[in-house]
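First the structure, in the form of structure tokens, and then the observations on it.
None of the figures in this text is laboratory data; all of them are computed from the coordinates on show. Keep in mind it's a predicted model, so treat the numbers as computed, not measured. Cβ atoms come from the backbone with ideal geometry, glycine included; neighbour counts cover every protein chain shown.
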Amino acid sequence: MAPASLPLLVAAFSLLFAAATPIRDVADACSSQVQDFEHLNSTAMHLPLHHSRGPCSPVSVPSDLPFSAVLTHDDARIASLAARLAKAPSSSTARPMVTVASLYRANDKVDGVAASLASVPLTPGTSYGVGNYVTRMGLGTPAKPYIMVVDTGSSLTWLQCSPCRVSCHRQSGPVFDPKTSSSYAAVSCSTPQCNDLSTATLNPAACSSSDVCIYQASYGDSSFSVGYLSKDTVSFGSNSVPNFYYGCGQDNEGLFGRSAGLMGLARNKLSLLYQLAPTLGYSFSYCLPSSSSSGYLSIGSYNPGQYSYTPMVSSTLDDSLYFIKLSGMTVAGKPLAISSSEYSSLPTIIDSGTVITRLPTTVYDSLSKAVAGAMKGTKRADAYSILDTCFVGQASSLRVPAVSMGFSGGAALKLSAQNLLVDVDSSTTCLAFAPARSAAIIGNTQQQTFSVVYDVKSNRIGFAAGGCR
């Protein structure tokens, strides 16, 4: 994601000095269901997946959280991806990291300076759960479970770690304490994994005075995590995999809800997918549930016969993201009245962390017009934030046209009313699409209830209807 600014460096520097921030545990209402579901076998790992606002979500979201907050976070993620694709330089990487590293190495001599730098204001996002999907991951020996945000757009997996030397957001359940794990080890600065951080986080690694590798993961909405690159045993149910590399966060601020951290599934050597691949293979699948149900995340083998496939598209913009080619859309069985070349006028990414799908402007305008025309008997509502095609009512109670998204190779997403529209309040629903900036993005609203498989080895993505509710 797009690197943040100077506050990230301040956080990294002050990591070694600041006092811990208290963290309040939040009750988990669905632990028994998760223990029954999660397991690992010789061919695949299976985990339950929850919408952060779902009935069995292990993270609590304020009941009065407005949907505009979700859209604000979503727009920040889009801006982050746009900067990432543009490979825009940032103030954090422009500043010579050797200077930062020298500060780490001199930390025993500059206590007074550290205290003053630690007081520089940071600009994290508000800490609440938004449009993300979460699951559990076990870590350490003995293993303890932690709630993680699942993200196909991120590589490095990280979670909050005691003693939270600078800051930790509130999370559900206790914070991971490395001292309680007999298999924990900090990773030195001379390792290949430390060197790989620059591609996994888009920020250079730094080095502590005791030769421990320091990662800096930053995001376009001012969220970030800074801490120590570590390795430990990762667990799923009663099965475990040793020597898993991840970030042990000591300063974690922003839009991570009450999760413990983030599980990265992008195409990178440090992602969870690639680290488990020698055992399980280079594929994963999920079904993103609606906010009224539960889905799953599976890493490893899958049933290839149930899917229709579209090839992954190679891109020099960012080889860790998943690019595909949108080839057409229909509304009520009729193709949109635009040239087929408009669909590929921008690169297209499929992403689990984006809520609202972004389309090339010409495609979006035509879709909006076609849907509005098909629903001309439904009373229109005012625009809501970035959503400008809105109706009075709720998606489940309105008659909506059949809409299909087609991809190269013949794969398609045939959208239900809940895939097409999103309820923004108790009396208004809106078309869950918006115009794109520098890239089209297939968001999670359109993916909900479909089984989606990312077969990296075969370089294809598959869709199957009816994966969950």
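Annotations
- Full extension of the segment from Ser426 to Leu317, taken as 0.36 nm per residue of separation minus the current Cα-Cα distance, would add 35.2 nm.
- Residue pairs exceeding 31 angstrom between C-alpha atoms, taken from Lys87/Lys231; Lys87/Lys179; Lys87/Lys376; Lys231/Lys325; Lys87/Lys334; Lys231/Lys457: Lys87/Lys179; Lys87/Lys376; Lys231/Lys325; Lys87/Lys334.
- Cα gyration tensor category, rounded, prolate or oblate, for the stretch 308-464 with a/c compared to 1.5: prolate
- Per-pair calculated FRET efficiency, R0 = 45 Å: Ala383 and Asn459 via Cβ, rounded to 0.05: 0.70
- The local environment of Met312, defined by Cβ-Cβ distances under 10 Å, has a net charge of +2 under the rule Lys, Arg +1 and Asp, Glu -1.
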